[in-house]
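Inspection log for the structure reproduced underneath, given as structure tokens.
Taken together, the values in this text are just the output of simple stated rules run on the coordinates, not laboratory data. The structure presented is a predicted model; accordingly, all values stated were derived computationally and were not measured. FYI the Cβ positions are ideal-geometry reconstructions off the backbone, even for glycines, and counts take in every protein chain you see.
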Amino acid sequence: MIRSKLPNVGTSIFAVMTKMAVENNAINLSQGFPDFPVSEELIDLIHAQMKAGKNQYAPMPGVAELRKKIAEKTEKLYSAKYNPETEITVTAGGTQALFTAITAFVHENDEVIVFEPAYDSYVPAIRLNGGVPVFVQMKHPNYSIDWDKVNKLVTSRTSLIIINSPQNPSGYVFTAEDLKMLQKLVSGTKIMILSDEVYEHIVFDQKEHFSVAQYPSLAEKSIIVSSFGKTFHATGWKMGYIIAPELIMKEFRKIHQFNVFSVNTPIQYALAQHLENPENYLSLNSFYQKKRDTFLKYLKNSGLNIIPSSGTYFQAVDFSDIFDGKDTELAELMTKEYKISGIPMSAFYHDSQKACVLRFCFAKSDETLKAAADRIIKFCEDRKK
């Protein structure tokens, strides 16, 4: 008899919906990956590094040139200095960084505050390490945070708070006031912050991404997770990094060295070169805002009341006014009968939700977004008949 460590966990909703989309020849706006090409310049840089023989193990913390560029980028963006030798580690994507960080710092019966809807890797990692997730629901429909509620959930067992901004799946972007409230909440405590900032360069409508790196009293107890895959349209490369003070990083690397040890060598060298031009990541906000605006323009005649996403490349769409079933039923119906696939938002909560909301990925070509919107509108029209 096998004794499961995650008895209540099945296959990821991303895999389930992608499989369903493929089987039904549906447009897949469920899983978050672009359908347009990676920069030819970046691919050429990787190829050149491979040809140059950079194909063996990289140093455990990452290639020195890349860590130096990350430190320069972080200081330029957030006026925060991190030592590339001792405070930056290159990881095999954001999810590995998150898992390793949780493994390093969550002990048996530690309580970890998680904001819902939440990216689906947080809670399994907490539970695998003996921790206890404590859930805070963000306020529907704009997904803002009630910090009084958060404060009431903090106990002597709270060891970690996980934040994610810009937030997947809701598209909410933490405000300066949110960071100040977080700062106040953890002041004088031993609570650490795990700050998932993988969409840091995808923020819309002149909003600003506020990193915990900008707040010294938060930075000193925070682990920041970032993603090259999200930034450079290359999710399949699984390349990311974390930033943290030296004492925290020492503990992270203890786990990291036995988890993956090191990550893709030629891509690291190529990324170091690619980061020399800041426009390669600073242009992302306007690029994806055009994608979001295009998708919303195509949905204008749907009759749905949609709150535009403030960041990430995901848009939450509430169907509650025209569909009174579960969002899981809606997702299956739309995939099988209307050939358009989204993720049911309830999959990002630990319990069932009344709101019937689907999350759609708009990191797609304009042609794909138009075809997807047409199918959503057709569904809406059919429901109103």
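Could you order peptides 278-288, 62-72 by the average number of other Cβ atoms within 10 Å of their residues, highest first?
62-72, 278-288
Roughly speaking, what is the stretch gain from residue 301 to residue 50, that is 0.36 nm per residue apart minus the C-alpha to C-alpha distance, in nm to one decimal?
Working: separation 251, 0.36 × 251 = 90.36 nm, distance 4.95 nm.
The residue 301-residue 50 span can extend by a further 85.4 nm.
Have a look at the DSSP beta bridges in the range 56-280 and tell me what percent are antiparallel, nearest 5.
Of the beta bridges lying entirely in the range 56-280, close to 30 percent run antiparallel.
For the range 238-282, rounded, prolate or oblate, judged on the Cα gyration tensor with a ≥ b ≥ c (square roots of eigenvalues), a/c < 1.5 rounded, else prolate if a/b > b/c?
Numbers: a/c = 3.34, a/b = 1.68, b/c = 1.99.
In terms of gyration-tensor shape, oblate.
As a test of the formula, what do you get for the chain when each DSSP H run with n ≥ 4 contributes -39,500 (n - 2.57) and the sum is divided by the residue count, at 222 nm and rounded to the nearest 500 deg cm²/dmol?
-12000 deg cm²/dmol, from helical runs alone.
With 27 Å as the limit, write out which pairs from 68/221; 152/291; 230/326; 73/139; 336/370; 184/354 have Cα-Cα distances beyond it, or answer none.
With Cα atoms farther than 27 Å apart: 152/291; 230/326; 73/139; 184/354.
Across the range 181-195, in residue order, what do the Karplus-derived ³J(HN,Hα) couplings come to in whole Hz, using 6.51 cos²θ - 1.76 cosθ + 1.60 with θ = phi - 60° and x for Gly and Pro?
The phi angles translate into 5, 5, 4, 5, 5, 9, 4, x, 10, 9, 5, 9, 10, 10, 9 Hz.
Looking at the chain, send over the antiparallel percent of its DSSP beta bridges, to the nearest 5.
Of the beta bridges lying entirely in the chain, close to 45 percent run antiparallel.
Using each residue's phi in the range 359-364, evaluate 6.51 cos²θ - 1.76 cosθ + 1.60 at θ = phi - 60° and report the 3J(HN,Hα) Karplus result to the nearest Hz, with x for Gly and Pro.
Once θ is set to phi - 60°, the couplings for the range 359-364 become 9, 10, 8, 9, 7, 9 Hz.
Straight-line reach from residue 5: which aspartates and glutamates fall under 15 Å, measuring Cα to Cα and dropping same-chain residues less than 8 apart?
In chain and number order, the partners are 108.
Checking the cross-link filter: which aspartates and glutamates have an alpha carbon closer than 12 Å to that of residue 19, excluding same-chain neighbours under 8 positions apart?
332
Set the Förster radius R0 to 25 Å, insert the Cβ-Cβ distance between residue 79 and residue 189 as r into 1/(1 + (r/R0)^6), and round the FRET efficiency to 0.05. Mind showing how you got there, number by number?
Working: r = 25 Å, r/R0 = 1.00.
With a Förster radius of 25 Å, E is 0.50.
Taking H placed 1.01 Å from N in the peptide plane, check which residues at least 5 places from residue 164 or on another chain put their amide H under 5 Å from its amide H.
196
Please list 247-253, 311-317 highest first by mean number of surrounding beta-carbon atoms within 10 Å per residue. Write down the numbers at each step before the final one.
Working: 247-253: 17.7, 311-317: 25.1.
Answer by packing, highest mean first, reads 311-317, 247-253.
Read phi for every residue in the range 218-231 and hand back ³J(HN,Hα) as whole Hz from Karplus 6.51 cos²θ - 1.76 cosθ + 1.60, θ = phi - 60°, with x for Gly and Pro.
7, 4, 5, 10, 10, 10, 9, 10, 10, 9, 6, x, 5, 6
For the chain, calculate the relative contact order in percent as a whole number, restricting contacts to Cα pairs under 8 Å that are 6 or more residues apart.
Rounded, it is 25 percent for the chain.
Once amide H atoms are placed 1.01 Å from N in the peptide plane, what residues at a sequence separation of 5 or more from residue 192, or on another chain, have their amide H within under 5 Å of its amide H?
160, 161
So how do 5-11, 320-326 stack up, highest first, on mean other-Cβ count within 10 Å?
Result, highest mean Cβ count within 10 Å first: 320-326, 5-11.
Around residue 356, which amide H atoms from residues at least 5 apart in sequence, or from another chain, sit under 5 Å from its own amide H, with H modelled in the peptide plane?
So residue 356 has HN proximity to 319, 320.
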